[in-house]
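These notes are about the structure you will find just below.
The values are calculated or read from the model by the stated rules, or taken from the named source; none is laboratory data. Since the structure is predicted, the reported quantities are computational estimates derived from the model, not experimental observations. Positions of Cβ are backbone-derived with ideal geometry, glycine not excepted, and every protein chain shown enters the neighbour counts. Heavy atoms of the whole protein, side chains included, go into the accessibility calculation; ligands, DNA and RNA do not. Shrake-Rupley method; radii C 1.70, N 1.55, O 1.52, S 1.80 Å.
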Amino acid sequence: MPEGHTVHRLAAAIARGFGGRRVRVSSPQGRFAEAAQLDQMVLLGAEAAGKHLFLSFAPSEDVDRGSPVVRHVHVHLGLYGSWTFAGDPGVFDAHAIGAPRRRLGEQETALDGGEDWRRLVPRPTVRLRLAGEHGLADLTGPTACEILDAEERRAILDRLGPDPLREDASARRFVEAVRRSRTTIGALLMNQKVVAGIGNIYRAELLFRARLDPLVPGRDLSAGMLEEMWEDLVALMTYGARTGRIVTTQPEHREIEARIVERSRGTRQNTDEEADAVPREQSFYVYHRQTLPCRLCGTEIRSGDLAGRTVFWCPSCQSVRSRRAPWSREHPAAPWALDGPSGQRVA
Ligand SMILES: [Zn+2]
């Protein structure tokens, strides 16, 4: 399932390609019949909240976003959904974003020959197609694709915890929700009411970087520790939203002989590629590294079920249970500051 940074990238791509313009809207598959109501409306904007994407449409550009005539399309990709983009160079370079195990579709290959995207016939599985002057976007396999009014949209937003990539996110809400709970921190991080947008990769990596045992109850954690985790999460996800990749390792921890073993497992990240990105097999500390030696201490990484998904951890490094993490005293200013692919500090 795509994690929150991917949904923010999708919102940005859609806003860039169609924002403020009239859009042809259709459902080649026919399962989103309401698409006809939106055809030729203006796309006012695209917004991400956790793993939810909202596209707002209005009869004309000057309509206020709060107006009752605005229609909100709500999309949740779920496990198998993805968007495919095609268009003029520089607008949409052909690529797909979404389901982790979906290979880039035949469309992209066809486009490599310089074919005109305007003549692309949608695959019969396309739930929603947006087409503008400069490109098109096809949505396939979503869990949700529906039209909502402002109240229904608000109801979804109100159910979600703070999203680290949104400007209106409140770290305090995250800290308080965790500290009120007897549930394990490993389960709380996957609860979208506690924090919106985290998936299985960010959960495992965030816990490792905090040296936290995934089974510690939320209420045993100090506010200071949770604030530092939040800041770490903001940095990690900001990097993810900028590059399309999840990278949590510091450069000095990447070189390890076990990478060949990992490559053979074929785990894929759930988003698009970037040429100069850190290789996937060097990007994580614990995610999908069970039975491999920890990058820091050599202890075998373990895996187990927690909140319905597999969690990965180092039983030796992740021994912090209730006190402040030891690194917060050693590096009070920037614990585990994230470095970019070539070692540069990410702003
Ligand atoms: Zn370790």
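A few remarks follow.
- Label-point separation in nm, GLN37 to LEU215, each point 7 Å along Cα→Cβ: 5.0 nm
- Rounded FRET efficiency, nearest 0.05, which uses the C-beta distance separating ARG21 from VAL234 and R0 of 35 Å: 0.65
- The equivalent ellipsoid of the range 1-90 has semi-axes of 20, 15, 15 Å, largest first, where each one is the square root of 5 times an eigenvalue of the Cα gyration tensor.
- Between GLN250 and ARG154, the contour length at 0.36 nm per residue exceeds the Cα-Cα span by 30.7 nm.
- Peptides 116-127, 186-197 ordered by packing proxy, namely the average of other Cβ atoms within 10 Å per residue, highest first: 186-197, 116-127.
- Size check on the range 4-157: the Cα extents along the three principal axes, sorted descending, read 44, 30, 28 Å.
- Rolling a 1.4 angstrom probe over the protein heavy atoms with all chains in place gives the range 4-157 an accessible area of 45 Å² per residue.
- Spin-label model distance (nm) - ASP116 vs GLU300, 7 Å beyond Cα toward Cβ: 6.1 nm
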